[in-house]
1. Checking B:A526 against (1) small (G, A, S); (2) free of Cβ contacts under 8 Å to residues at least 40 places away in the same chain; (3) assigned to a helix (DSSP H, G or I), only one condition comes out false. Which one?
2. Of everything in segment A:169-225 that's assigned to a loop (DSSP other than H, G, I, E, B) and of a type in the set (D, E), which residue is surrounded by the most Cβ atoms within 10 Å (Cβ to Cβ)?
3. Among the residues of segment A:235-245, how many are part of a loop (DSSP other than H, G, I, E, B) and more than 19 Å from A:I685 (Cβ to Cβ)?
4. Let me spell it out: the conditions are (1) closer than 29 Å to B:A145 by Cβ; (2) assigned to a strand (DSSP E or B); (3) more than 14 Å from chain A (Cβ to nearest Cβ), and B:A531 meets all of them except one. Which number is the exception?
5. Go through (1) within 11 Å of another protein chain (Cβ to nearest Cβ); (2) at pLDDT 85 or above; (3) assigned to a helix (DSSP H, G or I); (4) surrounded by fewer than 17 Cβ atoms within 10 Å (Cβ to Cβ) and name the single condition A:L648 misses.
6. So, in segment A:314-347, exactly how many residues are farther than 30 Å from A:N366 by Cβ, outside any strand (DSSP E or B) and without any contact (Cβ under 8 Å) to a residue 40 or more places away in the chain?
Amino acid sequence: MSAALVRLLRGARRRRQAIVWSAGLPLALLATALGWRLGGPQPAFVVATLTLLGVAATAVWQARRIDRRALIRRLDRHHALEDSADLLFAAPATLGPLQQLQRGRLEQRLAAHAYDVREPWPWQRLLAIVLPALALTAAVLLWPSPSTTRPVASPPATAGSAGARPTLRGAVLHATPPAYTGLAAADLPALDAKLPQGSTLAWTLRFTTPPASVTLRLHDGGAIALQRDGDGWRARTTLQRSLLYRIVVDGAPLDAALHRLEAVPDRPPQVRVLEPDSSLVQWTPSAQGWTLRFEASDDHGVAVNAQLRLTLAEGSGENISFREQTLVLAGSGPATARRFARTLQPQALGLQPGSDLVAQLVVHDNRQPQPQEARSASVILRWPPPEQTRAADLEGSIKQAMPAYFRSQRQIIIDAEALLKQKRALAGEEYLRRSDAIGVDQRLLRLRYGQFLGEEAEGAPEPPPVADDIPTADALPLADDLPTADMPTADAPAPARGAHHDDDSHDHAAHAGAHDAHDHGGEPDTRGGFGDAGNVLAEFGHTHDHAEAATLLDPQTRATLKAALDQMWQSEGELRQGHPERALPFAYKALGFIKQVQQAERIYLARIGPELPPIDPARRMGGKRDGLGDRTLAPAPRTPPDPRALALWQALGDAPGDADAATLAAFSTWLSTRDANATGTLDLIAAVETLRATPECASCRQRLRARLWPLLVRPPASAQPRAAPTPAGERYLDALQRTEAR
Amino acid sequence: MTTALLLAGLLALGAMLALWRLRHAPARGSRKAALLLLQPLCAGLLYLALMPPSRPGDAGTLVVATAGSDAAALAAAAGDAVVALPEAPPLPGIARVPDLGTALRRHPGSRALRIVGDGLPARDRDTAAGLPLAFAAPAEHAGLAELSPPPLLVPGAAFQVAGRVSGIADARVELRDPSGARVDLQPVGRDGRFALHGASRAAGETLFELRVADGAGRERDHVDVPVVSMAAPAQRVLLLGGAPQPEWKYLRRWAEDAGLQVQARIAVGGGVQLGDADVRLDAASLDQLDLLIVDERALTALSRTQRDALAAAVERGLGMLVRLGGPLDGGQRATLAALGLAMRGDDGSAPLRLTAALDPAPADNAAAGSQAPPWPALQQRALHPQDVALPVLARDAAGDAYAWWRAQGRGRIGLTTLVDSYRLVLEGHGGDHAALWSALASPLVRAQPRTVTVAAPAWRGERTTLCAPGKRIDLRAPDGGSVALLRDDAGCAALWPRHAGWYRWHADDGRSGMLFVRDPQQALHANAMRAATLALVRGATPTAAASHPQPGPRWPWWLAFVLAAGCSWWLERRRPTEPR
């Protein structure tokens, strides 16, 4: 085929393709518009692709239908080619001379003249397709859709911007934590956050269309109004407590989102004692010093300086004086875990034998405006008092103490003075007898007080000599000046007591050295004389007697008591001889000494045993019964718990109903009185808000119901009766009982 | 049978008529004889075609593939035919049947069933009952194997969730309340059994969650435990004390707080009484009561008339609880023996522990936030009833009984040896004190008609029966839709629940009830199915073989009838060639 013929064929095919495309394109447009209207952009895209592919395929197929024969036919329509166009396509070898001649002519004409073999545009048919298609497309696109007429869930009258509701274009929440926390200010990734208490928050909201007003509505009814600033809306506040908020634009919530800001309160610092490792340390003067080390930790930082509070306790018994002083320590290490150390010289601070030095570290964190304070546990440095001779244990505490009724020294004096007044009225015999009786009382009292000294006043073995001189009665100082005994039971810390029981090795010397809390009544000092079997237990054993019955007296008290006994002895002697007037001075002196002893120390008297006299049933309820009678019992008052949480819990368990809103409102009123920082309150508020926004949401109901469970108070359970049997069952049961009974 | 007789009679009549009509048939000799002979033969063959003779059914053993069966197990199961139930996994080459009944119809005469897989679903168990069953039970699925949910409770009552875990080593179970907080944590026993304790809080239905964790602490199974509590109907209680004791004080306070109508009369000696003055112990006032709590001293102090009235009132349904407050003397023992509660024992005081002595997992307990103080050790009288078969009212932590009851007429008499439960209140366990006395009183209180029924939990998609008396009931599915029920005379109906969750019904007479439906995608369901099938196997009574004779094939008889009828037609139609 010559090049001219190829060009002709290609032209014809192009015309055919153009016709197909011009008819197909409007149809594809119509289909795409239909797809858009019915299904949205994605189906429209698919429809457009498919229809365009179909048109393209049709165009190619139609163009291919124009083949050589069709071309020959179209060429033959031109008279100049004289119906001989097929000669152009025949193989030259098969042609006769005449045919070759004719072919030559045709080729000349073809080269000389441009014959149009393209089909004409089918204008009428094209218009019949294209115009209705375009009209339909326009109709499809412009047909009013039902969705635009349906009122969207928008408030009926939003001022200013009817139709175009402002939507959030950008929202930035900038948080500046308090400076002391050391946290950098930053833009938060979301509108919800968990921040240190006291952080400054700054919102910047941008909207697509400028709204009239924007506020942040808080869960408790409060609101933060945003100020317009250029194209954005800004507000600042300080976070003091946890809260939930919604963005409210022009009086209506922007969306369903409930944002949550949780305020994390600053924790007070924690102080730990690193050294010493026990709270009570025994001081030995040979030690180099007393090293104290503390570690203080805090979530944001501990102040560099801490106060070491030192308390020196001197004295014993009830005569203890305190001296306080404060040292400032500088800490080392990171701010969140600082260490404080100091080595003290206790003796330089005034520590003496028998006194305690109590140390406590006070640290502050760096919270603004008021820092929080924390104190460490106290550590006690104790210099044990020198070995002291203790008074003898009271034998009576071991023996069975019988109730003894004896007169007091004052009563004896009163009796003696009364006797003296009656001297004239009484016969000599009677006078002597009564004086003797008072003397017996005086003896009983002497023996009783003598028990405090281990019966030594009645010829009992003498105690071993003690370090101190026992002063005579005359040399005794006033009671105020008497040093008081040490009473370790009164102020010893508990760990020492436990330590004693752990190593109860009966090492009394060690105990005495350790000066521990247990009363041993000075056993080492109560070694009796030969043959004193009663003291064997006290000597070799370990008598854990009653704390209240245990007695221990220091030497001064013993001396005073001994002097009192001496005076009593003298008084007794005179009374027995019938000279109460001579006995009185001794008795007064004895009273004075006893008062001194009472003021100087506490004396623990052996408690009388708990044996009560037996009840005589014959006498029981045999007395007068006036005023006795039946009495009604008052009902026990009880305050029922708040019913609102329970009511809401039960309402949520049933199907959604009309009463839900009222119950929910009552519960929110109750909830608003709860502390917002308490556990679970914010979750509850959020759950309530969510349910309010979407009352149909079943899972929201269940979530709120689950959160309510911890608020429910377990009521006292009543009894659950068993189900009554049916009449037939009852008859069967009765028959069974009759059979059994038979 | 009557149909067969009627058919036989009709056919015999037809044959007779034919014979009568053919008696003058123009045929000769042997042809006529054959023609006449063919008529009853046709009738007989027609009868046999319509009523084919039954053959002794003997299709052998039918192998049934159920859920969880696999090809290997099926290959190992000997049988004559194999079918697969809808629950079975896809098994190539095995016929599917919609249920077991269909399978038995398609394989008539099956003499025995061999079950492969987890077991038969509830739908097919009734069908399989009565057939000899073979079930090679697979190992239990790891997880919960048994679970007994608590019954209907009163608000505040304590409950126990017992069950069994299988296939998990060192398993621990924990109970979580609806808010997700842990209530109890226990290791399972050697046999996999456990018992967890919780308490209800308010009237209504809720779901606790039971979780099973293995030794490494990973969660292996969890299941919802339905807990329903409803306020109990009003009850009247009388407390009769022989001496003022703290126990009475707190018992009275419990009864008042729990909403019972309480009367109390406590003797303080010398004829002086504390409490309500108008307490009378005659038949009329005792019949008003629901429960009488009395101690041994007050019981002995009653007059003979009062005691007789009391015994008669118990016969009529009154509940009575005797609490022992001190050592018994001879008269008191005799009084108790007259009530059928003769006691033996040295009557000393013995400690009573109501919670486990040692915490099984202290570390975890601490993590559980058990801030509650530990229970105090209480005291009981060391007494036991002479009748060892008395039902037990309460047990301590070690499982030893300390309270018993016996039925007398329609009423019940209980006895507790617990002396000082008031110490629970003093040490901060007021709710547990109430729950303890609720548990002691509940079995004894006069029976009352129930208005709320809680059905046993069912499985979604599985048949369950629901008994809801009342003329018209309204059953609501969890999705809010109404479910129609076809009920029998007793008010029971079958139900195939389609949703998991709470089904609630309300009757027009004020009664109501609920049913919790679980999702069957759990180990508990598979294990329950396995256990039910095993019970079916054990309980199966193999009836006589070939219990259902099967109809034989009809086609040979039809063929013979058609041949005979054709023969008859041919003989009758063929005319003699020679003219008459």
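The values are calculated or read from the model by the stated rules, or taken from the named source; none is laboratory data. This structure is a prediction, so every number in the text was calculated from the model and none was measured. Cβ sites come from the backbone with ideal geometry, for glycine too, and all protein chains shown count toward neighbours.
1. Here B:A526 clears every test but (2).
2. Step one: filter segment A:169-225 for residues assigned to a loop (DSSP other than H, G, I, E, B), giving A:177-178, A:182-185, A:189-192, A:197-199, A:208-213, A:219-222.
Add one more test, that the residue is of a type in the set (D, E), and what stays is A:192, A:220.
Details: A:D192: 15, A:D220: 13.
Once the filter is applied, the top-ranked residue is A:D192.
3. Start the filter on segment A:235-245 by keeping residues that are part of a loop (DSSP other than H, G, I, E, B), which leaves A:239-242.
After this cut, where a residue has to be more than 19 Å from A:I685 (Cβ to Cβ) as well, the list is none.
Of the residues in that region, 0 qualify.
4. (2)
5. (4)
6. Within segment A:314-347, the subset farther than 30 Å from A:N366 by Cβ is A:314-323, A:345-347.
Filter once more, keeping what is outside any strand (DSSP E or B): A:317-318, A:345-347.
Narrowing the set further to residues that are without any contact (Cβ under 8 Å) to a residue 40 or more places away in the chain leaves none.
Of the residues in segment A:314-347, 0 are farther than 30 Å from A:N366 by Cβ, outside any strand (DSSP E or B) and without any contact (Cβ under 8 Å) to a residue 40 or more places away in the chain.
Residue-by-condition table, conditions (1) in contact with a helix residue (DSSP H, G or I) (Cβ under 8 Å, 6 or more places away or on another chain); (2) in a helix (DSSP H, G or I); (3) within 20 Å of A:A128 (Cβ to Cβ):
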residue	(1), (2), (3)
A:L9	yes, yes, no
A:R16	yes, yes, yes
A:I19	yes, yes, yes
A:S22	yes, yes, yes
A:L25	yes, yes, yes
A:A31	yes, yes, yes
A:L53	no, yes, no
A:R69	no, yes, no
A:I72	yes, yes, no
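One line per residue, one yes/no per condition, for (1) over 30 Å from A:L671 (Cα atoms); (2) part of a strand (DSSP E or B):
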| position | (1), (2) |
| --- | --- |
| A:W233 | yes, yes |
| A:I247 | no, yes |
| A:L274 | yes, yes |
| A:S278 | yes, no |
